[in-house]
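The values are calculated or read from the model by the stated rules, or taken from the named source; none is laboratory data. Bear in mind that the values here come from a model prediction, so they are computed numbers and not experimental data. Ideal geometry is used to build each Cβ from the backbone, glycine not excepted, and the neighbour counts take in all protein chains shown.
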Amino acid sequence: MNALALLGAVGIGLALGLTGSGGSILTLPVLVYLAGIPPRDAVGLSLLIVGAAALAGAWQRARAGEVYFKAAGMFALSGMVGAVFGAKLTPLVPPAVIMLSFAGLMIVLGIRMLVPRKSLLQPEPECHPARCLLAGAGVGVLTGFLGVGGGFLLMPALVKFARLPIRVATGTSLAIIAANSASGFVSHLGDAPTPWLLAAVFSLIAVAGVLAGGKISSRVPERTLRLAFAGLVLLTAAFVVWQTFP
């Protein structure tokens, strides 16, 4: 474990706390490239770290009234089911197609987040069961199919289909990520030995980062958060394309 790896753990928490997403995309590279964890071992460990940080962030946001539990429950339940089906599609598609599909989706979502709304009025949150369950299942299928990006897909889906303000969408996304990560971690138990000391250190640092990110977020205008999230999405898409076509 080195200073860069620990700094990466802070970045994981800050990304989750500020945007409600980015945890899985950041955690795997940090564990593999900075902490030297074999990729097979890093998958389950990543879920544990992201889940712990997301749970802390969701608790912080819930205390501030920024978690819409109805949407969180519907998206989490249908998303976990959808992820099972999405994962079965992954072996049928070439890796380059998977990554380019992910990048294309990110570009569309990022551009949509950049486009100003026609109305300045924020509608009341409304999570119609059919709409939210279908949206959650769709996010789950794409998450299972692509392997990463749960938070990046959840945020725009919560804003669009549950009509949540960006701050409430962030807290709700963290609650869903915590549930999905717990489910994923349990399913990966036994795949590889879990380095519990490393997991505890990384989780504690990521938790501190997500709590700090939540404090910073409360002082940032919502429009700035939206633009920052869109920029992070587009940068991620560009990185994926670059890695796919070196």
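Laid out as a table, the results:
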| item | result |
| --- | --- |
| Selected residue [free of Cβ contacts under 8 Å to residues at least 12 places away in the same chain and part of a helix (DSSP H, G or I)] from V32, V81 | V32 |
| Enumeration of residues in the range 1-28 that are in contact with a Gly (Cβ under 9 Å, 6 or more places away or on another chain), of a type outside the set (A, V, I, L, M, F, W, C) and either closer than 17 Å to A212 by Cβ or buried (at least 16 other Cβ atoms within 10 Å of the Cβ) (or both) | G11, G13, G17, T19, G20, S21, G22, G23, S24, T27 |
| So R61, is it touching a helix residue (DSSP H, G or I) at 6+ places or on another chain (Cβ under 8 Å) and among the basic types (K, R) | yes |
| Check on I111, at pLDDT below 75, of a type in the set (V, I, T), at negative phi and out of contact with any Pro (no Cβ under 6 Å at 6 or more places or on another chain) | no |
| Selection count where residues are outside any helix (DSSP H, G or I) and surrounded by 12 or more Cβ atoms within 10 Å (Cβ to Cβ), scope the range 219-246 | 1 |
| Yes/no for V159 being touching a residue at least 60 places away in the same chain (Cβ under 8 Å), under 25 Å from A56 (Cβ atoms) and within 15 Å of the chain's Cα centre (by Cα) | no |
| Which numbered condition G79 fails, given (1) in contact with a helix residue (DSSP H, G or I) (Cβ under 6 Å, 6 or more places away or on another chain); (2) at pLDDT below 75; (3) not charged (D, E, K, R) | (2) |
| Residue that is assigned to a helix (DSSP H, G or I) and more than 17 Å from the chain's Cα centre (by Cα), where the choices are R61, R40 | R40 |
